[in-house]
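The values are calculated or read from the model by the stated rules, or taken from the named source; none is laboratory data. Since the model is a prediction, treat every value here as computed from it, not as a measurement. FYI the Cβ positions are ideal-geometry reconstructions off the backbone, even for glycines, and counts take in every protein chain you see. The accessibility values were calculated without ligands, DNA or RNA, using every heavy atom of the protein model including side chains. Shrake-Rupley method; radii C 1.70, N 1.55, O 1.52, S 1.80 Å.
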Amino acid sequence: MDIPDCEDATSAPNSFKATTIQSGHTVLLRLPSGETKGFKVEKDGTVSIGRVGSFRANELIGHPYGLTYEIRGKELTVQPPHTLQEVEETDATNELINDGEFVQPLTLGEIEGLKKSGVHASDIIKAQIEQHANYSMKTEYSKEKYKQRKEAKYSKTFSTVEPTIYNVCDHWFKKDQNRIRDIRPDTLSQMLNLANVRPGGRYIVVDEASGLLVSAILERLGGEGRLISICDVDSPPAYPVMTLMNFRKDIVPNIHSSLNWATAQEDYTPVAAATLSEVGKSERHRIRLDKRKNAADTLSNAREELFAGEYDALLIASDYNPLEILQNLIIYVAGSGSIVVQSPFSQPLTELQSTLRLDPSYLAPSITESWLRRYQVLPGRTHPTMNTSGSGGFLLHAIKV
Amino acid sequence: MWSSARDVAAGDLVIIWQTRELIQPLLITPGKDLNSRFGYYRHADLVGIPYGSKVGSRNGKGFIHVLRPTPELWTMALPHRTQILYLADIAFITSWLDIKRGSSVIEAGTGSGSFSHSVARTIGSAGHLWSYEFHEARANKAREEFSLHGMADIVTLTHRNVCKDGFTVEDTVDAVFLDLPAPWDAIEHAKKALKKNSPTRICCFSPCMEQVLRTVSALNDSGFTDITMFETLLRPHEVHQISPQPLTQAVEKLKKLEQKR
């Protein structure tokens, strides 16, 4: 299969992100088990995916996202897209099928031997099926399931996953939902819409969800608009979620500024300003002073911008007292602007709502919880998935008036 | 789309919020009046006030809030010509289809324009929405609204039956959204409209499971992969403050009652 001739890596209108895999990207791969994992792709380096194998990183660079590959040696071959095959119903049932130790007789040693000798996964699976005591008795659906389970174990294929905010949020939600405060993709999407996030908009965010909100807003802004995030650490936090988004590093600083709770106070003068009168005594000293001056300018610009207010919305995902956060920041939100507060728990929001509904500055403070159920859709086998997330967090939304 | 100025101007479309159930659009036309449950207002009095203002009525019968339109408020205020999509579905679909600044999107059918407004807002002037509606009167009404709301550059509305006649673009869009009674008839057409050289997505919205099964079959036959299906709902939480009554109060009260008897 030919790799399609993709648009230039940084083509407009979405030049905020490269549309193909570049060196330095952290790429999400979907493994045969269905799990997604992030891997750094560096020019001339190697990517190791555990049991599935390893390959030269250069094989992926320049490719569009979303393709499926098979590892052969250290190289990759692109697999054609795989649609579902028709499965015919038979009269088979599991009435006479007994489980037991010797149902599948190939030993671990024999299987390892086959793997080592480079036998293709599909042949290993065929060998297992041939010797399987009960296989022919199974229903066709059961056979499909068996084959898929074995594929997940022996296959040397994987897919690249496009770093859309949906995919990245979904990946984090499955891997470590606590670190993103239980913000499930549906909840995140509602926050963005309720806050009217759009190109050219201006937003304030308090993001203690590992940078999920910052990433989502930057994604929707697409390089047009402004975002100020307020954090409780000295320098801007690492925001680990952003790594998977692969934003263009030269554009992000034009859109995103960071302040902390102290520098966000109007009556506080940051220490940085004091050292600006120094004169450089050597080249190295001058460079250091320039750096410090740049940092001080960036800081004072961000403060000026925040204090000028008229932001379109304020989004909060924080463990700090939401009422205090609002008291600090609400003046910077424009009239008719949106306030969206998220919590993994309902109690902080119900307390907040009880207070806000008595405050004439907040119109219709409302609490919602999102329900999301995924279904398996296969001919003759359509049903809700066995595992469904019980909670994607809670939201409080109000309009500033 | 709508005004981004701080204050309301003559000719603006605003959202008048009376109660959670009474939210309506208003085109500010000096000379006209608004008569509502919460009193009498002159449009002219609303000119020059900041968006978000609370305004008391001229006859002291109450007050209203004058808000800046957003697609979310529009969804709650718009005149329904058809059943519409609401926040939970709109937000989820937008996110799943990776609709963002600059996206090229197809929507069929336009219906009452609820989803259309949200997409136009999300893609901005760098993107484009091709929207199709087979009912002529509804197509005209939607086109009127898009024009009034400053969306005419972002949205191309076509009166057309896409199941029979396909779409008007090829190899062009990143995402297709189908809200049709028989989406399976439009899927091969959708494939032609989607870009050929990058990952693209399609989403079909159906109220009934029978439609879903048929749609999935058609998607599979057309070569779409990673087919998933979701149901999403928004659960509102009402907050009530209760102070549990001390049981001793009941004991005392009953004892007194008994003694009286």
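Residue order by solvent-accessible surface for B:Val55, B:Val47 is B:Val47, B:Val55, largest first, with ligands and nucleic acids left out and a 1.4 Å probe. Ligands, DNA and RNA left out, the accessible area of the stretch B:1-138 computed with a 1.4 Å probe is 51% carbon and sulfur. Computed on protein heavy atoms with a 1.4 Å probe, the accessible areas place A:Leu96, A:Leu378 in the order A:Leu96, A:Leu378, largest first. Only aspartates and glutamates eight or more places from A:Lys37 in sequence, or on another chain, were considered; those with a Cα closer than 17 Å are A:Glu70, A:Glu162, A:Asp170, A:Asp176.
Placing a pseudo-label 7 Å from each Cα along the Cα-to-Cβ vector at B:His240 and A:Ser122 gives an inter-label distance of 6.2 nm.
Backbone geometry of the stretch B:201-206 corresponds, through the Karplus equation with coefficients 6.51, -1.76 and 1.60 at θ = phi - 60°, to 3J(HN,Hα) couplings of 9, 10, 10, 10, 10, 9 Hz, x marking Gly and Pro. Beta bridges per DSSP, both residues in the protein assembly as shown: antiparallel share near 60 percent. The spacing between the stretch A:173-197 and the stretch A:339-354, judged by their C-alpha centroids, is 15 Å.
Taking R0 as 35 Å, what's the FRET efficiency between A:Glu75 and A:Lys37 from their Cβ-Cβ distance, rounded to 0.05? FRET efficiency, A:Glu75 to A:Lys37: 0.95. Using the Cβ-Cβ distance between A:Phe307 and B:Thr228 with R0 = 41 Å, the FRET efficiency computed as 1/(1 + (r/R0)^6) comes to roughly 0.35. If you wrap the Cα atoms of the stretch A:343-386 in a convex hull and average its projected area over all directions, you get 4.8 nm². Element breakdown for chain A at a 1.4 angstrom probe: carbon and sulfur atoms account for 50% of the accessible area. Once backbone amide H atoms are built at 1.01 Å from N, B:Glu107 has B:Trp130, B:Ser131, B:Tyr132, B:Phe177 as its partners under 5 Å, excluding neighbours fewer than 5 places away on the same chain.
Full extension of the chain between A:Thr93 and A:Arg149 gives 18.2 nm of extra length, using 0.36 nm per residue less the Cα-Cα distance. Taking trypsin sites (Lys or Arg not before Pro) across the stretch A:311-401, the ones in a DSSP loop with at most 11 further Cβ atoms lying within 10 angstrom of their Cβ are A:Arg381.
At R0 = 35 Å, how high is the FRET efficiency between B:Lys255 and A:Arg357 if r is their beta carbon distance? Nearest 0.05 is fine.
Values: r = 39 Å, r/R0 = 1.12.
Calculated value: 0.35.
Hydrodynamic radius of the stretch A:291-401 by the Kirkwood approach over all distinct alpha-carbon pairs: 16.7 Å. For the stretch B:140-170 and the stretch B:1-60, what is the separation of their C-alpha centers, rounded to whole Å? Between the Cα centres of the stretch B:140-170 and the stretch B:1-60 lies a distance of 29 Å. Oblate is the label for chain B, because a/c, from the alpha-carbon gyration tensor with a ≥ b ≥ c as root eigenvalues, is 1.5 or above and a/b does not exceed b/c. Modelled spin labels at A:Glu140 and A:Ser300, positioned 7 Å past Cα toward Cβ, are 7.6 nm from each other.
Once the whole set of protein chains is in place, how much accessible area is left on B:Ser243, using a 1.4 Å probe, in Å² to the nearest 10? The value for B:Ser243 is about 100 Å².
The average projected area of the protein assembly as shown, computed from the convex hull of its Cα atoms over all directions, is 44.0 nm². What the phi angles of the stretch B:142-158 give under the Karplus curve with 6.51, -1.76 and 1.60, with θ = phi - 60°, is a coupling list of 5, 4, 4, 5, 4, 5, 4, 8, x, 10, 4, 6, 8, 10, 10, 9, 10 Hz, glycine and proline written as x.
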